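Below is one structure, written out as structure tokens, with a few remarks after it.
The values are calculated or read from the model by the stated rules, or taken from the named source; none is laboratory data. Keep in mind the model is a prediction, meaning the values are calculated, not measured. Methodologically, a virtual Cβ is constructed for each residue, glycine included, from the backbone with ideal geometry; neighbour enumeration extends over all protein chains shown. In case anyone asks, the SASA skips ligands and DNA or RNA and just uses the protein heavy atoms, side chains included. Shrake-Rupley method; radii C 1.70, N 1.55, O 1.52, S 1.80 Å.
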Amino acid sequence: KTVIENREVDVIIPTIGRKQYLHDVLKDLSNQTLKPKNVIIVEQNPKEDSVSELDFINTKEWTFNIKHIFTNKTGVCNARNLALAEVTSEWTILGDDDNRFSNTLIEDLFSRLEQHGATVGTTVYLQPNEVQTYLKTAQTSIFGAGNSIVKSHVLDDVKFNMAYEFNYGEDNDFGMQLRQLGHDVIYFADVKITHLKAPIGGYRTKVQQLWANDNFQPKPSPTIQLLHQTYFTKQQQLGYKLLLGLRSYKNSAIK
């Protein structure tokens, strides 16, 4: 099964308040044995009259073209959608602004895509102090919005759902959209990206959720419930409810 016509790839990166971390990501990309064609950066700053802090985009020479979008609207779903609209290469890597990786990452990704005939792949994505426990390359139910590669024509029919903005589950939802179009998501157990999980920047948007002051906090989170109600069968929803109930009882005061 041939999935690769050429090895051109764009990398999308949403960023906010992590100048040095982003610079390190760009250095890792510039050292790749197979270079990206475009790196699409969506920089967010909610302050009015603010300007870009990413001076190194123009003051340094890079081995790829940088498309830089600056916006006062914050939110990773919006930022990624803006970036996806600018993709022109055959493949797209969805990245993050606090990743680190080896200089063969892109070459390794194409090797695995070719080997498995896959149009969507996701990598090992651990923090520096975590240990990999799943060691088999296989079809997966997960999807990482900061560590995946997708054939770009697939992205014409999907986007990040704004209902998940400032909460959790947007990457899982995106992966489910891909699967419903018929594209398997393959987990590459031997391709690794380190997620530094950098401290939150100084001007991140703090959002007051509608349920924040409720006496009884919803379980699961409303956006996770949205994910389940959108994609789970009735039996899957009941199974999740049972397991969540057992976990909650295990840690409850009435045990």
> Given the conditions (1) open to solvent by 30 Å² or more (accessible area, probe 1.4 Å); (2) in a loop (DSSP other than H, G, I, E, B); (3) within 22 Å of Glu5 (Cβ to Cβ), and given that Ser89 satisfies all but one, which numbered condition is not satisfied?
Replying inline: (1)
>> Going by what's in this entry, would Ser148 be described as under 26 Å from Arg7 (Cα atoms), small (Gly, Ala, Ser) and within 14 Å of the chain's Cα centre (by Cα)?
In response: yes
>> Can you find a residue that is under 28 Å from Ala79 (Cα atoms), modelled with pLDDT of 90 or more, open to solvent by less than 40 Å² (accessible area, probe 1.4 Å) and of a type in the set (A, V, I, L, M, F, W, C) anywhere in region 223-245?
In response: yes
> So which residues in region 66-88 are within 17 Å of the chain's Cα centre (by Cα) and among the charged types (D, E, K, R), if there are any at all?
Replying inline: Arg80, Glu86
>> For region 215-247, which positions are in contact (Cβ under 8 Å) with a residue 12 or more places away in the chain and among the charged types (D, E, K, R)?
In response: Lys219
> How many residues are in contact (Cβ under 8 Å) with a residue 12 or more places away in the chain, open to solvent by 10 Å² or more (accessible area, probe 1.4 Å) and not in a loop (DSSP other than H, G, I, E, B) when one looks only at region 154-174?
Replying inline: 7
>> For region 106-129: of the residues being over 10 Å from Ile186 (Cα atoms) and touching a His at 6+ places or on another chain (Cβ under 9 Å), which is surrounded by the most Cβ atoms within 10 Å (Cβ to Cβ)?
In response: Tyr125
> So which of Ala145, Ala189, Ala253, Ala212 is touching a residue at least 24 places away in the same chain (Cβ under 8 Å) and surrounded by fewer than 18 Cβ atoms within 10 Å (Cβ to Cβ)?
Replying inline: Ala189
> Looking at region 58-82, which of its residues are within 25 Å of Asn172 (Cα to Cα), open to solvent by 30 Å² or more (accessible area, probe 1.4 Å), part of a helix (DSSP H, G or I) and out of contact with any strand residue (DSSP E or B) (no Cβ under 6 Å at 6 or more places or on another chain)?
Replying inline: Asn81
> Within region 92-117, how many residues turn out to be touching a helix residue (DSSP H, G or I) at 6+ places or on another chain (Cβ under 6 Å) and either assigned to a loop (DSSP other than H, G, I, E, B) or modelled with pLDDT under 95 (or both)?
Replying inline: 3
>> So Gln44 passes all but one of these: (1) polar (S, T, N, Q); (2) without any contact (Cβ under 8 Å) to a residue 24 or more places away in the chain; (3) crowded, with 16+ Cβ neighbours inside 10 Å. Which condition number does it fail?
In response: (2)
> In region 27-59, how many residues are more than 17 Å from the chain's Cα centre (by Cα) and either of a type in the set (Lys, Arg) or over 24 Å from Val154 (Cβ atoms) (or both)?
Replying inline: 22
>> For region 192-202, give me each residue that is open to solvent by 40 Å² or more (accessible area, probe 1.4 Å) and either at pLDDT below 95 or within 22 Å of Thr230 (Cβ to Cβ) (or both).
In response: Lys197, Pro199, Ile200, Gly202
> Restricting region 19-36 to residues that are among the charged types (D, E, K, R) and touching a helix residue (DSSP H, G or I) at 6+ places or on another chain (Cβ under 9 Å), which is least open to solvent (accessible area, probe 1.4 Å)?
Replying inline: Asp28
